[in-house]
Amino acid sequence: MTAQPNPHYPKLLEPLDLGFTELKNRVLMGSMHTGLEDREKKFPRLARYFAERAEGGVAISVTGGFSPNLEGSFYPGASKMSSSREVKRHLQVTGAVHEAGGKIALQLLHAGRYAYHPLSVAPNRIKSPITPFAPLALPGWGVKKQIRDFAAAAKLAQKAGYDGVEVMGSEGYFINQFLVEHTNRRTDEWGGSFENRMKLPVQIVKGVREAVGPEFIIIYRLSMLDLIEKGSTWEEVVTLGKAIEAAGATIINTGIGWHEARVPTIVTSVPRAAFTWVSEKFKQEVNIPVCTTNRINDPEVGNDIIASGQADMVSMARPLLADPDFVVKAAAGRADEINTCIACNQACLDHTFQAKEASCLVNPRACHETELNYDKTDAPKKVAVVGAGPAGLSAATVAAQRGHKVTLFDQADKIGGQFNMAKRVPGKEEFENTLRYFGRLIETTGVKLKLNTRATASKLKGFDEVLIATGVTPRKPDIEGLDHPKVLMYTDVLRDDAPVGNKVAVVGAGGIGFDISEYITHQGESPTLNPEEWNKEWGVDTSYQTRGGLKPKEPSAPAREVTLLQRKDESLGKRLGKTSGWVHRTTLRDKNVKMMGNCQYHKVDDQGFHISVGDEPMILDVDNVIICTGQESLRELLAPLEEAGVNAQLIGGADVASELDAKRAINQGSRVAAAL
Ligand code: NAP
Ligand code: SF4
């Protein structure tokens with residue numbers, strides 16, 4: 001009997017027949033290096049992490065990257081699959097996933113010239129801009145060894161119980177480095193013509209198929225859009241795709257952009273499903289299933305992609321870190337309960353690129369499934385949470401999930417705290433989803449929400465525990481003339497819609513100084529909501545007439561003349577997110593924002609803003625000066641509560657303002673509530 005289509009997302013949840021096996025739906029959990037892969041002792045955590053995603057309905061997950069040999073590993077001691085000694089630890093991962101009814105593939109990733117060690121190898125000795133090590137150019141026999149190592153690693157993966165492997169052929173790694181002239185200047189049989197350059201991936205897939213036999217899934221991640229100068233042409237992509245199909249691949253997954261590309265591919269300001277057009281174009285050329293990827297974080301978007309024939313599967317990695325139950329919630333018509341990935345990268349990729357364990361800003365349990373659990377309490381307490389920003393929201397909902405009787409107070413008329421300002425910045429629209437998620441969780445967990453209510457110590461006396469999540473207040477720097485009408489705090493602009501003139505100085509170049517500058521230089525609809533405009537701003541050639549799919553950028557004109565200032569004598573935005581900071585810096589440069597460091601601020605008066613840069617005094621003739629100089633904790637409730645003998649704890653910005661950020665706030669709120 002054939003199963004009935006799911007009434008909510010029939011196409012996304014339709015099985016996919018691969019001939020020798022079937023996937024129960026179209027959701028592939030894309031590869032994401034979590035940092036748990038590198039140490040054997042962390043494998044029980046890796047097993048639980050993948051098992052929860054399989055229990056949550058994912059058809060097939062792909063692990064983080066494992067190198068087929070030492071030279072291809074990312075850094076000394078990084079994950080690899082190159083000896084039978086390494087097989088055993090994987091059995092717990094594959095066993096746990098199978099027990100949960102899912103499938104799992106091991107990703108084979110050879111870093112090539114992106115590796116962080118002196119043994120790295122590549123087609124030629126051309127150093128990459130993202131590591132200090134120049135790779136060794138492989139001799140011909142060395143190339144053949146790499147092919148054999150891929151095949152041997154796939155065989156080991158099969159022994160370890162995996163249902164398949166994903167051969168990582170994109171993102172500028174080893175295989176990609178052979179494909180394009182940018183990194184392949186060889187004159188032997190592995191270089192020169194495209195036929196020669198593509199021999200490496202084709203022989204790898206052939207070698208892997210021979211090693212594993214016909215009934216094993218081989219996913220090939222193909223760089224469909226390099227987004228670099230001298231990248232592949234469309235014709236080359238198609239030629240390669242057909243050859244990879246003929247060599248024995250089961251599924252072709254989409255790869256977008258090299259790590260050194262000048263176009264952002266996954267940050268929050270990238271429109272949803274921004275690159276699915278290229279998977280759709282590619283799908284016309286091959287007969288095996290094609291999986292699309294990048295900024296798909298919503299079941300409706302995924303379903304539309306499959307229903308309209310743009311792709312056969314959708315890959316989501318970060319959305320499944322954010323919510324392991326994404327698929328089961330969608331299947332049950334509870335999509336509004338999905339904890340949506342906001343593509344911030346703050347706890348996942350930013351950690352990975354700093355060699356720290358990954359987690360998730362909106363779900364601190366990600367990669368901590370064995371130690372952070374929200375078990376039911378045997379001793380329910382009366383808990384008050386004061387402040388409905390990220391810290392208060394996470395604390396209140398985790399405590400209520402555990403069976404405590406929770407009342408959440410906020411003096412504002414809506415939940416969200418600082419997130420209500422963040423979501424107004426063009427490119428940060430996704431932040432609204434976190435508020436939708438918490439709003440729904442408040443309903444489903446039975447948190448009593450008291451908005452427009454200022455909680456006082458006397459009101460809080462009857463509670464067993466009080467969590468003070470009252471957040472922060474903007475810091476007022478010591479600058480003469482701060483009460484001049486030209487001066488605005490960032491809250492006046494982002495929260496209260498204060499009118500802003502044409503010439504503006506922004507004081508303080510932290511996350512909020514950058515946010516404000518983006519907000520006031522932008523006019524009209526956010527390009528994140530208008531993919532055509534976004535492609536124009538970043539120079540993505542959707543007609544694919546050019547190598548790499550690039551064309552000149554056409555940023556829209558800035559709405560204002562902005563100067564962004566800081567006291568530190570270093571480049572502005574240097575301390576922003578590792579994987580997103582460059583996007584913010586580029587956006588502001590494209591809007592002609594003047595960035596000045598090494599500033600001293602003297603006074604604001606009718607003439608303008610009096611400052612010095614180094615020893616040079618100057619007056620900035622501006623209509624407004626917007627202050628974004630950090631925050632101070634709001635914690636006036638603590639002392640009276642302590643005096644009244646009430647158990648009270650500070651969380652989030654009320655606890656530490658200098659590190660005010662949602663990652664820390666949600667993590668702390670969840671952990672404090674998990675321990676109540
Ligand atoms: P922030 O990052 O602490 O930056 C404020 C800046 O103001 C500092 O970099 C400092 O730079 C300057 N400053 C501090 N005290 C000053 C004083 N007394 N007088 C003059 N200048 C002073 O604070 P924020 O921009 O408000 O951001 C707060 C938090 O929100 C951050 O931790 C960040 O993680 C988060 N956030 C992140 C993003 C993002 O894009 N990832 C976006 C928004 C917010 P100088 O001393 O060099 O002048
Ligand atoms: Fe998504 Fe941010 Fe979580 Fe990463 S940290 S999975 S980008 S919400």
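The values are calculated or read from the model by the stated rules, or taken from the named source; none is laboratory data. Just so it is clear, the model here is predicted, and its values are computed rather than measured. Backbone-built Cβ (ideal geometry, glycine too); neighbour counts: all protein chains shown.
Considering each of 562, 622 in turn, give the residue that is within 16 Å of ligand 1 (Cβ to nearest atom) and either among the β-branched types (Val, Ile, Thr) or in the same structural domain as residue 501 (by TED's automatic domain parsing) (or both).
562 is the lone residue from the list that is within 16 Å of ligand 1 (Cβ to nearest atom) and either among the β-branched types (Val, Ile, Thr) or in the same structural domain as residue 501 (by TED's automatic domain parsing) (or both).
Kindly indicate which of 580, 556 is near ligand 1 (Cβ under 10 Å from one of its atoms), within 27 Å of the chain's Cα centre (by Cα) and at pLDDT below 95.
Residue meeting the stated conditions: 580.
Restrict the check to segment 542-550 and report whether at least one residue is more than 13 Å from ligand 1 (Cβ to nearest atom), within 30 Å of residue 180 (Cβ to Cβ) and aromatic (Phe, Trp, Tyr).
yes
Could you tell me whether any residue of segment 591-609 is under 26 Å from residue 653 (Cα atoms), within 13 Å of ligand 1 (Cβ to nearest atom) and surrounded by 15 or more Cβ atoms within 10 Å (Cβ to Cβ)?
Looking for residues that are under 26 Å from residue 653 (Cα atoms), within 13 Å of ligand 1 (Cβ to nearest atom) and surrounded by 15 or more Cβ atoms within 10 Å (Cβ to Cβ), one finds none in segment 591-609, hence no.
Take segment 320-339 and flag every residue that is crowded, with 21+ Cβ neighbours inside 10 Å and either more than 8 Å from ligand 2 (Cβ to nearest atom) or among the hydroxyl-bearing types (Ser, Thr, Tyr) (or both).
320, 323, 324, 326, 327, 330, 338, 339
Where in segment 160-244 are there helices (runs of 4 or more DSSP H), lying fully within it, with 3 or more residues that are modelled with pLDDT of 95 or more and hydrophobic (A, V, I, L, M, F, W, C)?
So the answer is 174-179, 199-212.
Among the listed residues 405, 448, 461, 476, identify the single one that is within 16 Å of ligand 1 (Cβ to nearest atom) and in contact (Cβ under 8 Å) with a residue 12 or more places away in the chain.
Going through 405, 448, 461, 476 in turn, the sole match is 476.
Out of (1) at negative phi; (2) in contact (Cβ under 8 Å) with a residue 40 or more places away in the chain; (3) within 16 Å of ligand 2 (Cβ to nearest atom), what's the single condition that is false for residue 294?
Just one mismatch for residue 294, condition (1).
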